[in-house]
1. So, of the residues in region 640-653 that are of a type in the set (Phe, Trp, Tyr) and open to solvent by 60 Å² or more (accessible area, probe 1.4 Å), which turns out to be farthest from the chain's Cα centre (by Cα)?
2. From the set of residues in region 512-565 that are among the β-branched types (Val, Ile, Thr) and in a strand (DSSP E or B), which is most open to solvent (accessible area, probe 1.4 Å)?
3. Please go through region 478-488 and give me each residue that is part of a strand (DSSP E or B) and loosely packed, with under 15 Cβ neighbours inside 10 Å, ordered by number.
4. Could you tell me whether any residue of region 304-311 is within 20 Å of the chain's Cα centre (by Cα), closer than 30 Å to residue 518 by Cβ and not in a loop (DSSP other than H, G, I, E, B)?
5. Got a number for residues in region 158-205 being at pLDDT below 70 and in contact with a helix residue (DSSP H, G or I) (Cβ under 7 Å, 6 or more places away or on another chain)?
6. Within region 600-617, identify whether any single residue is outside any strand (DSSP E or B) and closer than 30 Å to residue 648 by Cα, and answer yes or no.
7. If you check 325, 321, 354, which single one turns out to be open to solvent by less than 10 Å² (accessible area, probe 1.4 Å) and in contact with a helix residue (DSSP H, G or I) (Cβ under 6 Å, 6 or more places away or on another chain)?
Amino acid sequence: MRPVLARLALLRNARTWLVAAGASLLLLPARTAVAANVVPPHRLDAAQVPYPAEGQGEATVTLRLVVDANGIVTEVDVQDGSPPFSDAAVAAVKEWRFTPATKDDAPVSSRIVATVTFHPPEPPAPIAPAPAPVTPPIPAATAHPAEAEAPAEVSVKGAREELGTNHIPTSETRLVPGAFGDPFRVVEALPGMAPWLSGLPYYYVRGAPPETVGYSIDGIKVPLLFHVGAGPSTLAPPLVDSVDLLDGAYPAAFGRYAGAIIAGETTRPEDVDHVRAEAGARVFDAHAFAEAPLPGDGATVLAAARYSYTGLLTSLIVPNYTVGYWDYQFRASHRVGKGMLSLFVFGSHDELTYKGSPTFHVEYHRADLRYDQPLPSGRLRVAGTFSYDDTLTALQTSTGAGATAALKGPGGRIRAELEERVSDRALVRAGADFGVERFDVDEFGVVDGEPNTGTVYAPHDDLEGGVHADVVWRPSDRVELVPGFRLDGYRTRGQTAWAPQPRAAARVQLARGWTWISAIGVAHQEPTEEVFVPAKLPDPVVDTSGGDAYQFSEAVEARLPSRIRVRATAFYTSIVARHTDERERSFGGELFARRDFTERLGGFVSYTLSRAEALSGAPTPLWVRTGGDRRHLLSVVLGYDLGSGWRIGGRFFFESGRSYQVDCPNPNCSPQPGATPRTAYAVTGTLPPFYRVDARLEKKWTFPGGQWITATLEGFNVLDKAEPIGKSYTPAFGLSPNNQSPIILPSIGAEAGL
């Protein structure tokens, strides 16, 4: 049975506990469009572009460049021009270096348009007669990057990294080995991230279980961000502009989850000035994406979809199982006045069945109509969202599905967000939202085998709303303060709840290249916000009464030579159930060091030393390790540019053993043939550690018109390592280890785009 579950990347009969989440990172969603205090990039060198040997006459090439926060050109697209001039321009500008664009004095990525004008070499001047022949020098051919010093167009495409964010640029996320080119899967390699099971994209974040980790796309809550099985995200990779892990004390705009939040932001329709398209196929799924500007001022249209054909494969390998997924995205936008009106429709479907009974099912649909209005010193967004969710998870039994938990029904939400720079040193961010959800099905199964916990609620309508505000204030060039407050109100299952949530953060520059960061905050989660995980029923802390999380962190960040950035963070989090005695906490330290993948050798190292505990009330209150406790977590990711479009990379992941508890008839759990089913002793311990290695090889061909083709060979767990998941007792053999059969995900893929 276990090998079957391994192939499906599901853990059966796992016992997990709700634990606390951490509190060091504060994040603002990407693309904060504030016009003030934005400085465009400035070219550092004055080198000219060589005139191509096979060229004739004058020519002009227009290029679209992306300059990262280090001043390095990471992307070059030809907007106008043809070979051989476009080839010469692309090759040259890749070597240009800039002072990066800055926003609020912090370096950020930017997009510029540069025009390179080619002039043919001047003919040599007439040579006067001389006693001896003289060979005249031939002047070097020149090209003038007309817009290099003053770009024709500059758009800041990312928000500054806010107060200690462990943020990996989107341009690099698709290069991380083991992520299969998916930007969201990169979060697994960040500090404090422990997969519920290796290969399954559900994570403990600083000890907080997957049920308390919320998902957001453009500020829209979704019940699932990763597909079951192979685990790609439910959003097309080319549509993703940024991915941010908010693992505690996040900005006031985010809330309603006691653990962490994984937030994705899509590309802006304002930035669409040429056709983009991409398609790819792998062993387990295929996807396609296209976006184009339309006639008219600012009109664009986008469509994308992914379909998995794993059902065909699993039916051959494991006939009792069926698994499959699909997703879609559509966006249309048009400029209205100075603002942008957009309709964004997207959805996803995941299905896992055993012997004809569904054991995991998540289907959601969202239709979001929004209007973004730029202001003289800020921006305003007004939006309305229609939603429909159909979610279910169930324990697996020998005959099919067992106890289940399910939520199903439509909903609607309106929201408003405002950002306004009130002075040169202060930015105000505020917002409000209100929503109604109809639960046609609201069923929560037995929690971890505890009696009197299974409940089926009658259909009901729930209300949810909140207001939030914070201020980014810089009283001096060395100090930044971010006080904030969020207030949420709920009418859930006939009960009213209010959740005040103060937050505060500070950043102080201690010395050149050294920064101290502090954060504190309160977060709240209601039971109906719980995230479903395959083969796992709701967790005891937030499943009936909701819980409050108290999050603290202190960090020191240093910028070292060779473009290396290091951050050390200490965190503490406590989660308290509102109307029960359930209580959990986690504390520890994190270390994160990274060097941009734009360097020939780049990568990052993340290490976490932590403890996650729950308060046990019987027979005497005692703090015990939770199922999410991983004392040591280590990820080492490296990538190397071999040149000529070849890249190679690898990832090493290590986690110390999780805790286990087994009921035995004797204190040593020794064999006892003929023992009765009665268990008298609860024996606890720690499982052996686990590690795995992922690898990636890529070849990319880029053509003069900006078209490209990429072929990848990628492997997950290439050393075929089995993961210890627990222990069990039998009278004949005593205590025996249970290992999850190795989950290996090889992938041979090809993608093309323009």
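The values are calculated or read from the model by the stated rules, or taken from the named source; none is laboratory data. This structure is a prediction, so every number in the text was calculated from the model and none was measured. Backbone-built Cβ (ideal geometry, glycine too); neighbour counts: all protein chains shown. The area values use the complete protein model at the heavy-atom level, side chains included, leaving out ligands, DNA and RNA. Shrake-Rupley method; radii C 1.70, N 1.55, O 1.52, S 1.80 Å.
1. 646
2. 520
3. Result: 479, single match.
4. Within region 304-311 (the criterion being within 20 Å of the chain's Cα centre (by Cα), closer than 30 Å to residue 518 by Cβ and not in a loop (DSSP other than H, G, I, E, B)), the answer is no, since none of the residues qualifies.
5. Residues meeting the conditions: 4.
6. Looking through region 600-617, at least one residue is outside any strand (DSSP E or B) and closer than 30 Å to residue 648 by Cα.
7. 321
Okay, residues lined up against (1) open to solvent by less than 50 Å² (accessible area, probe 1.4 Å); (2) out of contact with any Asp or Glu (no Cβ under 8 Å at 6 or more places or on another chain):
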position	(1), (2)
581	no, yes
589	yes, yes
593	yes, yes
600	no, no
610	yes, no
